[in-house]
Amino acid sequence: MDLIFASGNGVARGDADWFRYAADVVLFGIPVKLSPIEELIWSKSFVMERERFDGADVTHLLRARGHVIDWPRLIARYGDYQLILAAHLLLFRFAYSDADRLIPAWVLDQVLGAPAPPAAEVSTCFGTLLSREQYLSDVTQLGYADARLSRGHMDEDALNIWTAAIEDEP
């Protein structure tokens, strides 16, 4: 069981919608709320580390629940980052020959045509929203601004803690 209050990159923060749209189920005789499919997909879609990629989880969730997803709500969750959803939808279409019957055509049209995140005053690396480690050289050596900071998803203290934890992992 995962207790999620925010994604590691600070984008997918737990808010009232996680509870408003949660499924009420009984698990081992205990009434619980399960994370809405839209929030589950949204939070997992940003996990693209060298040692962990949740893309298969996302494709399996789309396959199992595509018919009940609130697509406008899911797309809205991504905000300026709809291209991440587009990437996962492309992987889904590749993985399953019947993907088009589970994903409405208008969803693909909308997210595949989504613009890149709005331009910043300085060159910004959005890769840090996907991996806390794989894009550090772009920030430290190439001089890109870290989107986690420049977009207000994290503050400097949280970023330092999150980055320092890389060394503690096996």
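Every read-out reported here was derived from the displayed coordinates using simple, explicitly stated rules and does not represent laboratory data. Note that the coordinates shown come from a computational prediction; the quantities given were computed from them, not determined experimentally. Positions of Cβ are backbone-derived with ideal geometry, glycine not excepted, and every protein chain shown enters the neighbour counts.
When shorter helices are ignored and each DSSP H run of at least 4 residues is given -39500 (n - 2.57), the per-residue value for the chain at 222 nm works out to -11500 deg cm²/dmol.
Pick from 38, 156, 51: which residue has the top mean-square fluctuation in a GNM of the chain where Cα pairs under 10 Å get a spring? Taking springs between Cα atoms under 10 Å, the residue moving most is 51. Taking each residue as 0.36 nm, the span from residue 20 to residue 121 lengthens on full extension beyond its C-alpha to C-alpha distance by 32.7 nm. If you run the Gaussian network model on the chain, springs between alpha carbon atoms under 10 Å, then out of 42, 106, 71 the most flexible one is 106.
Multiplying the sequence separation of residue 76 and residue 102 by 0.36 nm and subtracting their Cα-Cα distance, what value in nm do you get? The partial results should precede the final answer.
Details: separation 26, 0.36 × 26 = 9.36 nm, distance 1.90 nm.
So the chain would gain 7.5 nm between residue 76 and residue 102.
Quick check for me: using +1 on Lys/Arg Cβ and -1 on Asp/Glu Cβ, what's the dipole size of the chain about its Cα centre, in debye to the nearest 20? Write out the running numbers ahead of the final one.
Details: 15 positive and 25 negative charges, 131 e Å.
About 620 debye.
In the range 124-168, Rg over Rh equals 0.93, where Rg is the alpha-carbon radius of gyration and Rh the Kirkwood radius from pairwise Cα distances.
Amide H contacts of residue 6 (H built 1.01 Å from N, in plane; Pro and chain starts excluded): 14 sit under 5 Å, all sequence-distant by 5 or more or on other chains. Backbone geometry of the range 147-155 corresponds, through the Karplus equation with coefficients 6.51, -1.76 and 1.60 at θ = phi - 60°, to 3J(HN,Hα) couplings of 4, 5, 8, 5, 9, x, 7, 9, 9 Hz, x marking Gly and Pro.
A Gaussian network model of the chain, with springs between Cα atoms under 10 Å, assigns the largest mean-square fluctuation among 35, 150, 97 to 97. Tally Lys/Arg at +1 and Asp/Glu at -1 over every other residue whose Cβ is under 10 Å from the Cβ of residue 159; what's the total? Residues near residue 159 contribute -2 overall. For percent of Cα pairs over 20 Å apart, pick the label among [x] 56; [y] 50; [z] 43 that corresponds to the value derived from the coordinates. The calculated read-out lines up with [x].
Averaging the sequence gap over all C-alpha pairs within less than 8 Å and six or more residues apart, then dividing by the number of residues, gives the chain a relative contact order of 20 percent.
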